[in-house]
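Structure record follows, encoded as structure tokens.
None of the figures in this text is laboratory data; all of them are computed from the coordinates on show. Here the structure is a predicted model, which means the values were calculated and not measured. For neighbour counting, all protein chains shown are included, and Cβ atoms are generated from backbone atoms with ideal geometry for every residue, glycine included.
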Amino acid sequence: MGRQEQAGTAPSRAGTDERALYERMALIRRFEETLLELFAAGELHGTTHTCIGQEADAVGVISCLEPERDVVVSNHRCHGHYLAFTDDVDGLLREVMGRVGGVCGGKGGSQHLFAGNFYSNGVLGSTVPVAAGMALAEREKGSGAVATVFVGDGTLGQGVVYESLNIASLWRLPLLVVVEHNGYAQSTPSTLQLAGDVESRARAFGVATSRHDTTDVLEVQAAAREAVEHVRSTGTPYFLVLDTYRFSPHSKGDDFRDPEEIAARRLRDPLTVAAGLLGDDERDEITEAVERRVADAVQEALGAPFAATEAAAR
Amino acid sequence: MGRQEQAGTAPSRAGTDERALYERMALIRRFEETLLELFAAGELHGTTHTCIGQEADAVGVISCLEPERDVVVSNHRCHGHYLAFTDDVDGLLREVMGRVGGVCGGKGGSQHLFAGNFYSNGVLGSTVPVAAGMALAEREKGSGAVATVFVGDGTLGQGVVYESLNIASLWRLPLLVVVEHNGYAQSTPSTLQLAGDVESRARAFGVATSRHDTTDVLEVQAAAREAVEHVRSTGTPYFLVLDTYRFSPHSKGDDFRDPEEIAARRLRDPLTVAAGLLGDDERDEITEAVERRVADAVQEALGAPFAATEAAAR
Amino acid sequence: MMRCGQALNAALHEIFERDERVYLLGEDLLDPYGGAFKISQGLSTKWPERVLPTPVSEASIFGITAGLALRGYRPILEIMFGDFVTLGLDQVVNGIAKFRAMFDDRVTVPLVVRTPMGARRGYGPTHSQSLEKLLIGVPGITVVTPSECHDLGAMLTEAVADDEPVFFVENKVMYGRPNRRPEGGRIGELACHEGEGRYPALTFSGNGFGPSDATIVTYGGMLPVALDAATELILEHEVFTEVVALGRILPLDLEPVLDSLGRTGSLVSLEEGTLTGGVGAELAARVQAEAWSALDGPVLRVATRDGIVPSARSLEDEALPGVEDVVAAVTAVGTRVGG
Amino acid sequence: MMRCGQALNAALHEIFERDERVYLLGEDLLDPYGGAFKISQGLSTKWPERVLPTPVSEASIFGITAGLALRGYRPILEIMFGDFVTLGLDQVVNGIAKFRAMFDDRVTVPLVVRTPMGARRGYGPTHSQSLEKLLIGVPGITVVTPSECHDLGAMLTEAVADDEPVFFVENKVMYGRPNRRPEGGRIGELACHEGEGRYPALTFSGNGFGPSDATIVTYGGMLPVALDAATELILEHEVFTEVVALGRILPLDLEPVLDSLGRTGSLVSLEEGTLTGGVGAELAARVQAEAWSALDGPVLRVATRDGIVPSARSLEDEALPGVEDVVAAVTAVGTRVGG
Ligand SMILES: Cc1ncc(C[n+]2csc(CCOP(=O)(O)OP(=O)(O)O)c2C)c(N)n1
Ligand SMILES: Cc1ncc(C[n+]2csc(CCOP(=O)(O)OP(=O)(O)O)c2C)c(N)n1
Ligand SMILES: [Mg+2]
Ligand SMILES: [Mg+2]
């Protein structure tokens, strides 16, 4: 609120950082909305897991990383992380659409992405030891890189997560585990999935941890900066729990959550919160820009041929 | 010490319980020593993991269980648990020796035992969810049984242990996890295996826990009684950590631990401690009795044919 | 006509009704969701105590299911995607498949693992595999492979009644297709013979089981591909084939295969898994060893190309076996009668 | 002559000496213990930073090894018993084997998993299996199967230099046996031909590669059984066989097999894994499909009886394939020359 008023008085008090953060979140939001539209229009085959509502996590955390040095390992809900880390709209869109120009040539699709220092895989939890191994590699190289792995709260059901926390702690690995705690695993609420206390699970293995219930990208960024700082300076792991919420269904399909619950969460929409940092014109300008950018990408993608088969390649 | 003196004054102040506990521990000790002798003599094929030094855990815990109702799931180091639960010297000896009359017909061998409500398996950690499932079964039957699973400290490296603690806590399963913390996994000290704090690992999943550093079978029994009571009365899991030590090598083979460390621990030998509860004659009497019992079993086993092959069975 | 998914769901309701020892464990089972593919819908409402929605802990729930089975229950475990069976494979290989034998035949492990395999949904490499090929190498389990023409309800009921641990391998695409059953010994244009006993094989013929050119042996989700190929072979190549849809791939029951081979002399295997180390390999090895003289030529295998199942439909189509691949293989094994 | 275990240990020392990117992960690796089977002895003393003793966390260490490989290292993972590979199979099937293909060929995963398979040590059902049979069904990995007559050092070096993920399947009994190598084209009484390239096959002949009665194809720990059978067949049955010891079972290189088959016309496969869905199945399927006309009769498979490997030696002996089983199979496939 305070911010809103201030925003009212000054046309824009947003530093380039706020503007950039908002822009990135808006891009991700528009991208994910577009995918759902394309599905509805029958232009997409397969599945996708959109992160609408969780954009502040991806953007806040990744704004603290160095794409040319740090490593990011993501999961099934990886589009926001990917776009925040690479800004590669075309490569991702075409990958999901199975068109020529997809970042993995159409082989991986929505949840199996690779580009530069970014990796994702669709088997929950399996990514955590892989990220730990990457952290070990970077430590041995002395690159000073941090390996960040994004997981959801439901993924805390996977034992390999604890095997890996134990080893990351024993071996002092520069590993940042970010838990996007949106309260659900697919259709199942966390209360039916998680006993005890999430932070304690990391602490029990001697891993530093903190938990933050915010949709303010600046607060997420601050928390992430501290976590990344911890990992980079001490070379030991950190377990960052971010309470969040997805407005969109788990994938394309049905969503049985209480509409009032969703509506209540929408009041804390990270985009609305961040918009408060910008002037209205600035916000509209950005909104238009990202809409244009995504729309253009879609137009071009729809014109592109489907991913080339080996036969065609021959 | 105090006990020793008292034992000196009165020929025997041992209640039947103390006597029974000592007898059971002495039997296990003698049984395991005998296996190592048989190996040395080339009478045994395969491998074995003896629990010499850890007898108070098996005897103390299992003295709180009801063999005809409760379920025990054990691991590779299962002889003590098996004998404490079944008193079946012949069946186990012949199983390990591959002779006719083995409790699993020679199929399972040293670490894959089944009899009544007792089960063991050799893949570390894999037993915990199985025990949880058995706890669930007994809960659904309303049998009031407790399912107890014995694991070692090294087994806490297995993620499935945490998956199962989480579920046991969520589902309120009558599961008792007993961690025999002997400070080593095979050749590797716990310090290279376990980060953080063991009890916290259970607490993090909302599982009640306690830890006891004792070789006094009565103290183990008291701790176990409380744990079993907790599980039976609340129907929720308990994580009982028992600090212990094995005097024998991991299996038959080499042992690179500091001899002084072993010697120091031998001063706290659970048999010596428990002997303090008995009069000397009583102790000697028991010692002779178990030696005779095991020796006779060996003689008979050596006379028995090797486990019958299907061919022979035809 | 019921869709295959509905048939399985209906069967689950009957099974739950009949036997209190049946429990269901798995992820996202609660209504209204009723499982990722909806096969378990309605169960949690009617039997809330016997439907246990689990955390995302595949290894543990395999073990818990085994524990239930060892202590007198008949649990069903739903694994959301067959690809995730790999997470429970230690429990399967070193526990579930071994308990009975290593405990000297004094225990049984009567559990059923229901899981969908298969591609064609664009889910990508980790969600599109047909990994039953790995399961046939595990002695001590039974692997049942219903097709859209099998009595799905009866087979699932048999699986739950089975004292052996059973993997009940479903197929994602099959769920939405009608559960076509033989009527008067026919399904559509084709004669269809159903074998005896549990998990029977189905044998299809375009000429009333007269002498034919080749036998196509397949199972599960590949049956429609085999049948389309058989039709195309008749119409466009005047080649007659019999199609055998195996109801069980472990233990493998060769009798219906050898029976058909007697009328055709040639064999083509068709599966959705990748080629190497697949079901077709075991089938070919068994058949050539047990019926060498009945073969006019080698057994040919049609399967998914060794490699990943790509996400893009254009690439997925190329990797998976299609009608044209089956037609080519049948033509290659040579023809006895028509052609 | 060096024992096989010593040869592997010596090779590891050379590999560590030569390439700083090589790391070793596994359980109980530290000296003086040096791994449960001592193959890693001395490494942790010389290269303490590059030998990482792990907790008992197979799934995680498979993933960590993959992460190292994806980021420029050449890690070796020692899995104490091959039976425990099942705990890491998700990492293998859905990660290690897929990364290169699903990331559009822009990454490699150059790691080596060393693990001992096999029985004859009385360790019982969960510690005596030969599970490489499951691995050949996983496209995207390489499965190397050295025998006691292979150049173990060279093969391990090739595996570490390989850009593909390699399973280097060792054998418990082999460790203690001499690493016999061909000298002047012979090993003992038998002529021995070593193939070209990486992971070569070895072909043995009792008559200087003249026409023979049958080819026994095997690998790893079963080679001595095959060679003993070959000798017994010559001495007691006047039957001449060639023995092919495959250096790699995935991808399967048929050339040496077909080459030998050209001189014998009959094939028997021998493996220590259980029969169904085993390596022999793939071999038989490939051979009959690719060399039908070269076969005088069916390919016969000799393997461990489907079921558990029991603990008692008397039962273990009965379950595992022995010389007499091979002799019986060779006699059964019929003889061309002698007999
Ligand atoms: C090992 C495994 N089990 C099940 C699934 C199917 N699945 C995909 S997403 C999902 C829920 C994940 O929940 P969470 O980790 O909280 O992430 P979120 O979807 O909420 O972002 C499940 C069960 C999977 N991909 N991997
Ligand atoms: C999954 C698995 N990995 C490795 C082994 C080999 N192994 C047998 S016992 C053992 C050490 C176990 O240590 P701990 O759990 O502390 O039990 P302890 O031997 O000390 O009683 C290991 C690594 C195994 N049996 N299972
Ligand atoms: Mg979630
Ligand atoms: Mg220990």
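Shown in residue order for the range D:44-53 are the 3J(HN,Hα) couplings computed by the Karplus curve 6.51 cos²θ - 1.76 cosθ + 1.60 at θ = phi - 60°: 5, 6, 6, 10, x, 6, 9, 10, 10, x Hz (x for Gly and Pro).
Projecting the Cα atoms of D:GLY118, D:GLY35, B:THR214 onto the charge dipole of the protein assembly as shown, computed from C-beta unit charges around the Cα centre, puts B:THR214 farthest toward the positive end. Reported to the nearest whole Å, the Cα centre-to-centre distance from the range A:121-153 to the range A:46-62 is 19.
To the nearest ten degrees, helix C:4-18 and the longest principal axis of the Cα atoms of chain C are 40 degrees apart. Here the range B:227-275 is assigned +1 on the Cβ of each Lys and Arg and -1 on the Cβ of each Asp and Glu. Its dipole about the Cα centre then comes out at about 200 debye.
A Cα-only calculation for the range A:213-314 places Rg and Dmax at 20.1, 55 Å.
For the range B:68-149, averaging the sequence separation of C-alpha pairs within contact (under 8 Å, six or more residues apart) and dividing by the residue count gives a relative contact order of 37 percent.
The rotation axis bringing chain A onto chain B passes closest to the chain A residue reported with its distance as A:GLY159, 1, by C-beta distance in whole Å. Mean sequence separation of contacting Cα pairs (under 8 Å, at least six apart), scaled by the length of chain B, corresponds to a relative contact order of 26 percent. At the listed q of 0.10, 0.12, 0.14 Å⁻¹, the Debye profile of chain D, built from one uniform point per Cα, gives log10 I(q)/I(0) equal to -0.57, -0.82, -1.09.
Applied to the range A:112-117, the Karplus parametrisation 6.51 cos²θ - 1.76 cosθ + 1.60 on θ = phi - 60° returns per-residue 3J(HN,Hα) values of 10, 10, 8, 6, x, 9 Hz, with x for Gly and Pro. Here the range A:15-83 is treated as an ellipsoid with the same Cα gyration tensor; its semi-axes, largest first and in whole Å, are 24, 15, 8.
A simple spin-label model places pseudo-atoms 7 Å from Cα toward Cβ; at A:GLU285 and B:GLU229 they are separated by 7.3 nm. Summing Cβ point charges (Lys, Arg +1; Asp, Glu -1) relative to the Cα centre of chain D gives a dipole of roughly 600 debye. For D:VAL244, nonlocal amide neighbours, meaning residues 5 or more places apart or on other chains whose placed amide H falls under 5 Å from its own, are D:PHE204, D:ILE216, D:VAL217, D:THR218. Pairs from the list A:LYS107/C:LYS133; A:LYS107/A:LYS252; B:LYS252/D:LYS46; C:LYS38/D:LYS133; A:LYS141/D:LYS172; A:LYS141/D:LYS46 with a Cα-Cα gap above 24 Å: B:LYS252/D:LYS46; C:LYS38/D:LYS133; A:LYS141/D:LYS172. For C:LYS98, go through the aspartates and glutamates and keep the ones whose alpha-carbon is under 12 Å away, minus same-chain ones fewer than eight residues off. Candidates past the 8-residue exclusion: C:ASP90, C:GLU164, D:ASP306.
For the residues D:GLY297, D:GLY184, D:GLY208, a GNM of chain D with alpha-carbon springs under 10 Å puts the largest fluctuation on D:GLY184.
Residue by residue along B:146-156, Cβ atoms of other protein chains within 10 Å of the local Cβ number 2 on average. With both labels modelled 7 Å from their Cα along Cα-to-Cβ, the B:ALA263 to D:PHE209 distance reads 6.5 nm. Taking chain C as the reference, fit the longest principal axis to its C-alpha atoms, fit the long axis of helix C:152-161 to the helix C-alpha atoms, and give the angle between the two in degrees, 0 to 90, nearest 10. Around 50 degrees separate the two axes.
When the Cα positions of C:PHE84, C:PRO53, C:GLY140 are compared along the charge dipole of the range C:41-146, C:PRO53 comes out farthest toward the positive end, with charges on each C-beta of Lys, Arg, Asp and Glu. Amide H to amide H, with H built 1.01 Å from N, C:GLU170 comes under 5 Å of C:THR115, C:MET117, counting only residues 5 or more places away or on other chains. With its label point defined 7 Å out from Cα along the Cα-to-Cβ axis, C:ALA10 lies at 7.1 nm from the matching points of the other copies, in increasing order.
Taking every DSSP beta bridge that has both ends in chain C, the antiparallel portion is near 30%.
Here is the P(r) of the protein assembly as shown: all C-alpha pair distances, binned every 20 Å from 0, give 11, 39, 37, 12, 1, 0 in whole percents. Note on the range D:26-69 and the range B:243-314: Cα centroid distance 32 Å, given to the nearest whole angstrom. The phi-based Karplus calculation (6.51 cos²θ - 1.76 cosθ + 1.60; θ = phi - 60°) puts the 3J(HN,Hα) values of the range D:66-82 at 4, x, 4, 5, 5, 10, x, 9, 10, x, 10, 10, 9, 9, 3, 10, x Hz, whole numbers, x for Gly and Pro.
Here the calculated FRET efficiency for D:GLU236 and D:GLU49, from their Cβ-Cβ distance with R0 = 41 Å, stands at 0.15, rounded to the nearest 0.05. Of the residues D:PRO48, D:PRO211, D:PRO116, the one that moves most in a GNM of chain D with alpha-carbon contacts below 10 Å is D:PRO48. Sorting C:VAL143, B:VAL161 from the fewest to the most surrounding beta carbons within 10 angstrom yields C:VAL143, B:VAL161. Each copy carries a label point for D:ALA332 at 7 Å from Cα along the beta-carbon vector; from one copy to the others these points are 2.9 nm apart, nearest first.
Between D:LEU77 and D:LEU25, D:VAL112, D:VAL113, D:ARG114, the built amide H atoms are under 5 Å apart, and every one of these is 5 or more places off in sequence or on another chain.
The C-alpha atoms of chain C define a longest principal axis, and helix C:279-290 lies at about 60 degrees to it. Placing a label point 7 Å from the Cα of A:SER233 along the Cα-to-Cβ direction, the distances to the matching points in the other copies come to 4.8 nm, shortest first. Stokes-Einstein diffusion for the range C:164-263, with the hydrodynamic radius set to the Kirkwood value over Cα pairs and evaluated at 37 °C in a medium of 0.692 mPa s, equals 234 µm²/s. Say we join alpha carbon atoms closer than 10 Å with springs in a Gaussian network model of chain C; which of C:ALA303, C:ALA154, C:ALA229 then has the biggest fluctuation? It is C:ALA154.
Reducing the range C:187-208 and the range D:202-269 to their Cα centroids gives an inter-centroid distance of 42 Å. Of the DSSP H helices in chain B, those that are both long (alpha-carbon extent of 18 Å or more along the helix axis) and hydrophobic (Kyte-Doolittle mean at least -0.5) are B:16-40, B:127-141, B:217-234. Summing Cβ point charges (Lys, Arg +1; Asp, Glu -1) relative to the Cα centre of the protein assembly as shown gives a dipole of roughly 340 debye. Dipole of the protein assembly as shown computed with +1 at Lys/Arg Cβ and -1 at Asp/Glu Cβ about the Cα centre; of C:VAL299, A:VAL72, D:HIS13, farthest Cα towards the positive end is A:VAL72.
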